[in-house]
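The block underneath contains the structure these notes are about, expressed in structure tokens.
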């Protein structure tokens, strides 16, 4: 009898200790929203290849001046000038210099972009040494709007975490607390659209692309401690 009582006491103590051990739960919550794009984007790359360095520098400076005049639409941080070589009989021969400028453009009206292209054509049209490459114009969600949506979705994720916290607590008959939250933002990958190259003698007509909504999502890994 005494042995049975001792076993019962040990079992009771064991169950009491087990009940006091907190349960740790790792899970994930996600929120998303379909957003209408608010800006169009395209990228310009202009190269100018000539025989001497000075001419290359002067030619690309003309392009830089035009882009700076449209700084609200297109921008650039720098341009580069590189020598071009040919190789014959283990001998390297200098053939000339190639200057290049790359410019990302962002605009809400296609006419703003056309103004940039027209001004560039005023310089490049008469000189075949210029080659302009233009990526297809695409609608996208601006960074400002993305920031607003991300802030909104974070609140939704926190609400989802709180719902799961209560649900887990009821299932375990315990009180659960959120101890850890890490956000992970997800945005649509850019389309691998090719650049459209044209010589200075060719005309280029930009057209407004179709506008399709983008799905923006935020997910969060979180940990609950239930006692």
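The values are calculated or read from the model by the stated rules, or taken from the named source; none is laboratory data. In this text the structure is predicted, and so the values were computed from the model without any measurement. Cβ placement follows ideal geometry from the backbone for every residue including glycine, while neighbour counts extend to all protein chains displayed.
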> Which one of 62, 100 is assigned to a helix (DSSP H, G or I) and in contact (Cβ under 8 Å) with a residue 12 or more places away in the chain?
Replying inline: 62
> Which one of these is closer than 19 Å to residue 206 by Cβ and either over 25 Å from the mean Cα position of the chain (by Cα) or free of Cβ contacts under 8 Å to residues at least 40 places away in the same chain (or both): 115, 41, 128?
Replying inline: 115
> Given the structure, is residue 57 modelled with pLDDT of 95 or more, in contact with a strand residue (DSSP E or B) (Cβ under 9 Å, 6 or more places away or on another chain), part of a loop (DSSP other than H, G, I, E, B) and farther than 30 Å from residue 162 by Cβ?
Replying inline: no
>> Considering only residues that are more than 30 Å from residue 81 (Cβ to Cβ) and crowded, with 19+ Cβ neighbours inside 10 Å, which ones fall in region 32-47?
In response: 40
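In region 67-92, which residues are in a strand (DSSP E or B) and either more than 21 Å from the chain's Cα centre (by Cα) or modelled with pLDDT under 95 (or both)? I'd like the intermediate steps shown before the answer.
First, the residues of region 67-92 that are in a strand (DSSP E or B): 74, 79-88, 91-92.
Across region 67-92, the qualifying residues are 79, 80, 81, 82, 83, 84, 85, 86, 87, 88, 91, 92.
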>> For region 196-219: of the residues being surrounded by 14 or more Cβ atoms within 10 Å (Cβ to Cβ) and within 24 Å of residue 142 (Cβ to Cβ), which is modelled with the lowest pLDDT?
In response: 206
>> Among the residues of region 134-153, what is the count of those that are touching a residue at least 40 places away in the same chain (Cβ under 8 Å) and surrounded by fewer than 16 Cβ atoms within 10 Å (Cβ to Cβ)?
In response: 3
>> If residue 95 satisfies all but one of (1) more than 15 Å from residue 60 (Cα to Cα); (2) crowded, with 16+ Cβ neighbours inside 10 Å; (3) more than 24 Å from the chain's Cα centre (by Cα), what's the number of the condition it fails?
In response: (2)
